[in-house]
Amino acid sequence: MLPRAAQGPSNEGEHMESMTRRTLLRGAGTVAAAVPLAVAFPVDQASAATRLNRSAFLNAKSAAFRMRGRWHGTQLTLLRVEDLAFGASGDPVRFSLVFRATRGRKPGPGTYSFWNARLGVFNMFVTPVGQGSDLQAVFNAR
């Protein structure tokens, strides 16, 4: 068999056949470690742009956010709405949220279903920050 460079250009099918599960998992772990940003995935995609922006969360500051599903009973309070280090101050679609778990278990990193009286039901990726019961979500829509 010829060395890989001498075989000529490959197509994606050949490349995928040579990928092992170990290689795929190692690459996924690297991406997950390098991108600890949280992303919101609203249940109602059509209203996402209008509902989940900075001003909506500013209006819900100090409000209760209840987790749904198997995390039912866990309640978070929105502590801060912050600018991102690489975004413009006050950017409506690039910001960070910091929550504090005030009741129930503190979830690990993941996408969970939330309910808030002002914002309704939506899914959001959160990740623990600090050593207490704080969680962070990052919105970076651009």
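Just so it is clear, none of the values below were taken in a lab; they were calculated from the coordinates. Note that this is a predicted model, so its numbers are computed, not measured. Cβ sites come from the backbone with ideal geometry, for glycine too, and all protein chains shown count toward neighbours.
Can you tally the net charge around GLY108? Count Lys and Arg as +1, Asp and Glu as -1, for every other residue whose Cβ sits under 15 Å from the Cβ of GLY108.
It works out to a net charge of +2.
What FRET efficiency, computed as 1/(1 + (r/R0)^6) with R0 = 22 Å and r the Cβ-Cβ distance, is obtained for ASN123 and THR77, rounded to the nearest 0.05?
Between ASN123 and THR77 the formula returns 0.70.
Around GLY132, with a cut-off of 13 angstrom between Cβ atoms, what is the net charge of the other residues, counting Lys and Arg +1 and Asp and Glu -1?
Here the count lands on +1.
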